[in-house]
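Reading through the C-alpha cells given below for one structure.
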Amino acid sequence: MELVTEAAVHFSRLSMFPYFDGAHYVVSVLSAREQAGAVDVASRSPFASWFSAMLCCFGGGILSSMLLAEPPIAVLSNSTNIIYASVIWYMVYYSPLDLFYRCFCFLPLRIIAAAMKEVTRTWKILAGVTQADSRFKDALLVMVANGWAKAAGGGLISNFEQLVRGVWKPESNELLKMSYPVKISLVGSILFTLQRSELLPIERHHLMFIYTMFLITIKVRMMLTRCSASPFQPAEQVLGRLLFGLQQAPKVDTEKVKANLKDEPKEKENPTKEETGASSPEPSESTRKRNTKKSE
C-alpha cells in the first residue's frame, strides 16, 4: 500500500511540459487533419488551418477564460506553447514526403501519444477546478463547469473550429450528442470537485492516479478494438429509460402502412374512365344496323 501511495505522489508531481503537452498537441492536430476537407483547407489557406489547429490545442483554455470573465486571448501570452504547437502543426501538414503524419499513423506510436494526452486531461481538470475554487469559494457548479471546459474545451467549441474551416454542422453540437472525451471529462470534473470540497473521502494524488489509469485503459482498449462507442452507453440507456422514458413516441402500425403502399400502385395501374377523361368511341353505321335488326 505504501508503494502505491508513493507512486501516486510521484505521479501527481509530473511536469506536463514538454513531453505530455507535445503529445496533446500532436493528437489534437492529427485529429484536426483527419477531418473531411482539412487538407484542402491547409493547401488553400494555411492561416485558417493554423487557427483551427490552435483552437483544437488550446480550446480548453479559451473556453475556461470566457467562463471566468477573463480575456480569451490570454492563451497567446504563453509564447513557448504557441510556438511548440505551431511547429507540430507545420510538421503534421507540411513535412517532406508527409513523413511526420505517416509515422504517427503507426498504431503503437499513436497509442503512446493518445495515452500521454489522457494524462494531460487529468491535469487540466484539476487546474480548472482549482482555478474556479480560488475565484468562487465553494461554488460547486462553477468548479464543475470550469474543470469540464478546461479539459474538453476543444470538443465543446468544435462547431466554431469547423466554421473556421468553412464547415457549418450545427447538428454535430457536443451538447446534443456528447462524445466519449467530453463525457469522461465531465465525470472527472465532478469527481475532482467533490474531492476539492471534501465530499469525496480520498486523497488528491490517489484520485489523480486512479482516474488517469482508468482513462488510459479505456482509451487503449478503444484504439485496439477500433471501437468508438462510449463505455457508458449501457448505463446511459438504462438511466435514460428510467428518468426520461415516460413520454414515448406513438407506435405506428407498420403492417397497415405496407398494405397501403402496395394498394396504391394497383389503383393507378387501372384508372377509370372518369379519371382518364377519355370518351367511349361512337359505334359505326354497320354495328347500328345490326343492333336495330336484333331489336326488331
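No lab work stands behind these numbers, since they all come straight from the coordinates. Only a predicted model underlies this, so the values are computations on that prediction, with no experimental measurement involved. All Cβ positions, glycine included, derive from the backbone under ideal geometry; neighbour counts span all protein chains shown.
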If you bin every alpha carbon distance in the stretch 117-200 into 10 Å steps from zero, what whole percent lands in each bin? 20, 44, 27, 9, 1
Output ³J(HN,Hα) for the stretch 19-24: one whole-Hz value per residue in order, computed from phi by the Karplus curve 6.51 cos²θ - 1.76 cosθ + 1.60 with θ = phi - 60°, and x for Gly and Pro. 6, 5, 4, x, 5, 4
Which loop-located chymotrypsin sites (Phe, Trp or Tyr not before Pro) does the stretch 133-177 contain, where loop means any DSSP state but H, G, I, E or B and the Cβ has at most 13 other Cβ atoms within 10 Å? W168
For the cross-link pairs K137/K177; K117/K219; K169/K219; K150/K183; K117/K137; K124/K169, which exceed 20 Å when the distance is taken from alpha carbon to alpha carbon? K137/K177; K169/K219; K117/K137; K124/K169
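Order these peptides, 195-208, 25-38, 232-245, by their mean beta-carbon neighbour count within 10 angstrom, highest first.
Numbers: 195-208: 15.0, 25-38: 19.5, 232-245: 10.6.
Taking the mean over residues of other Cβ atoms within 10 Å, the ranking is 25-38, 195-208, 232-245.
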Residue by residue, what Karplus-based ³J(HN,Hα) values in Hz, rounded to whole numbers, does the stretch 28-38 have, using 6.51, -1.76 and 1.60 with θ = phi - 60° and x for Gly and Pro? 5, 5, 4, 5, 5, 5, 7, 6, 4, x, 5
